[in-house]
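See below for the structure under consideration.
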Amino acid sequence: MTEYMTSDLFRLLPSIDELLRNPVLDTLAQREGRSATTEAARVALEQLRADIGAGKLDQAQIRFRLDDLPREVEKKLLESLAYSLRPVINATGVILHTNLGRAPLSRAALEHLAEVSEGYSNLEFNLSTGERGKRDVHVDRLFAKLLNTAGREVSTIVVNNNAAAVLLALNSLAEGGEVLVSRGELVEIGGSFRIPDVMAKSGAVLREVGTTNRTRIGDYKAAISESTKLLLRVHRSNFQIVGFTEQPSLEELVALGRKRNVPVMEDLGSGEIFDLRNVGVRGEPMIADSLRAGVDVVTYSGDKLLGGPQAGIISGNPALVAKVRGNPLFRALRVDKMFYAALEATLLAYLREDYDSIPALRMMRISEDALAQRAKQIAERLRASCPNLRVEVVESRSVLGGGAAPGSTLPTRALAIKSASMNADELCARLRQWETPIIARVEEGRVLLDLRTVEPIQEEAIVAALHLDYSRSR
């Protein structure tokens, strides 16, 4: 194609103004906004120009594309105005999947969130006195009941995530002083955030004690000096050290702290109120147990084992928590009414012992038999309607995720699927493109759908998405 011929083809294209005078696009602009419609038209024309410049189109093809241009503009406009953050179906079997938003909120949390967000609320208003109040009171009272440790008074404040809680607590309690931490607890959490880096930003000075695999109470004793402001225990929530290991008990650490008048702080990470031993998971410390052992301040997440919204929670000695709350940094890290509403509803479910109303806990508590029955029913439906698919029910293991109990898994049942028309990676990608994306995993050349993290109401979408594979292949 000569340069002259290409120039002639470019002349077939309308200007932006001409294109927008099309009745279809004029109506679209009135409905969706002229600026967004103009941008979509510009993108569609640029794509057409690029295809002409690449020699992909002749005159007839261009005229066909021009006839279809209003529909293409509408498609690009709707894509540009669609939500990027979307609900997905988690069929990975990872209950607290960080990439998928961790803990899903309960129905009560969503309803309370909407209730206090669509209008005004008493977030910082005392209804009894008619004066300004504190936003902490809405959850502090509930945490006090849930974390009751044989008469010990406990106060709680909330910030936006656990890294912020650790940062704020360290800055409030140990700025300019040393914090003793075992070398085996210098963890890195998701996104390359490391305890030493958080501590450096807090203004506290890290003092490592012991070794990676063995730290004794004597190592802490030897390291305490006039500069020591805090003894810090960090729960190794996302990895394990096994074999030749040693770690002092919390009770030993607390006794040392009291003897030397140095507070003890523990970063629990996941934040367990429900006893996971009830579902066969061991080794994850409970918040109340740490407080009962005498730890002065504990920090933990709201959207992991607690099963609520993203939050960093600081509980413990009222005087120390008050000191943390008085830090100007607290205002920069605090959460708004939506977080408090969702957290309050979650905590009320714990007080009622209504654990199945909290989705993450309900998923942990589902029996293997119930999962097997659900998987069998879905497999039978797929075998009957989709002969293009090979469907098996297999035993598998679900994980808690979110850095919680890394060595523990839960027995589950999964659908193992092979397609005659595409490989496992292609089928997995197809499921991600469904109207409500379905996130699965691939093992041994098969797509695995773990039903532990799939709500029963979502099963129809999975069947429909897999049926589409068969109908398209015929």
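In segment 112-124, is there at least one residue being in a loop (DSSP other than H, G, I, E, B), hydroxyl-bearing (Ser, Thr, Tyr) and modelled with pLDDT under 95? Checked segment 112-124: no residue is in a loop (DSSP other than H, G, I, E, B), hydroxyl-bearing (Ser, Thr, Tyr) and modelled with pLDDT under 95. Please tell me if Lys56 is closer than 30 Å to Glu460 by Cα, without any contact (Cβ under 8 Å) to a residue 12 or more places away in the chain, of a type outside the set (Asp, Glu) and not assigned by TED's automatic domain parsing to the domain that holds Leu451. Taking the combined requirement at face value, the residue does not satisfy it.
Considering the conditions (1) within 20 Å of Ala332 (Cα to Cα); (2) not in a loop (DSSP other than H, G, I, E, B), Pro196 is excluded by exactly one of them, (1). For Leu105, the stated conditions do not hold, so it cannot be described as over 30 Å from Glu353 (Cα atoms), in contact (Cβ under 8 Å) with a residue 12 or more places away in the chain, of a type outside the set (Lys, Arg) and assigned to a loop (DSSP other than H, G, I, E, B). Selection of segment 199-230 for residues being among the small types (Gly, Ala, Ser) and out of contact with any helix residue (DSSP H, G or I) (no Cβ under 6 Å at 6 or more places or on another chain) yields Ala200, Gly218, Ala222, Ala223, Ser225, Ser227.
Taking segment 403-456 as the region of interest, how many residues are touching a helix residue (DSSP H, G or I) at 6+ places or on another chain (Cβ under 6 Å) and surrounded by fewer than 16 Cβ atoms within 10 Å (Cβ to Cβ)? So the count comes out to 5. Kindly evaluate Val159 against the criterion of being β-branched (Val, Ile, Thr), under 18 Å from Arg334 (Cβ atoms) and without any contact (Cβ under 8 Å) to a residue 24 or more places away in the chain. So Val159 fails the test.
Residues in segment 93-102 that are in a helix (DSSP H, G or I) and among the hydrophobic types (A, V, I, L, M, F, W, C): Leu100 alone.
Could you look through segment 176-196, keep only residues that are surrounded by 14 or more Cβ atoms within 10 Å (Cβ to Cβ) and acidic (Asp, Glu), and pick out the one that is modelled with the lowest pLDDT? Result: Glu185.
For segment 283-292, the condition of being within 16 Å of Ala360 (Cα to Cα), surrounded by fewer than 24 Cβ atoms within 10 Å (Cβ to Cβ) and either of a type in the set (Val, Ile, Thr) or touching a residue at least 24 places away in the same chain (Cβ under 8 Å) (or both) holds for at least one residue.
Looking only at segment 420-440, decide whether some residue is touching a residue at least 24 places away in the same chain (Cβ under 8 Å), within 25 Å of the chain's Cα centre (by Cα), under 18 Å from Ile95 (Cα atoms) and in a strand (DSSP E or B). Yes: one or more hits.
Looking across segment 318-368 at every residue that is among the small types (Gly, Ala, Ser) and in contact (Cβ under 8 Å) with a residue 40 or more places away in the chain, the one that is farthest from Val399 (Cα to Cα) is identified as Gly326.
The values are calculated or read from the model by the stated rules, or taken from the named source; none is laboratory data. For clarity, every value in this text was computed on a predicted model and none was experimentally measured. Glycine gets a Cβ as well: all are built from the backbone with ideal geometry, and neighbour counts include every protein chain shown.
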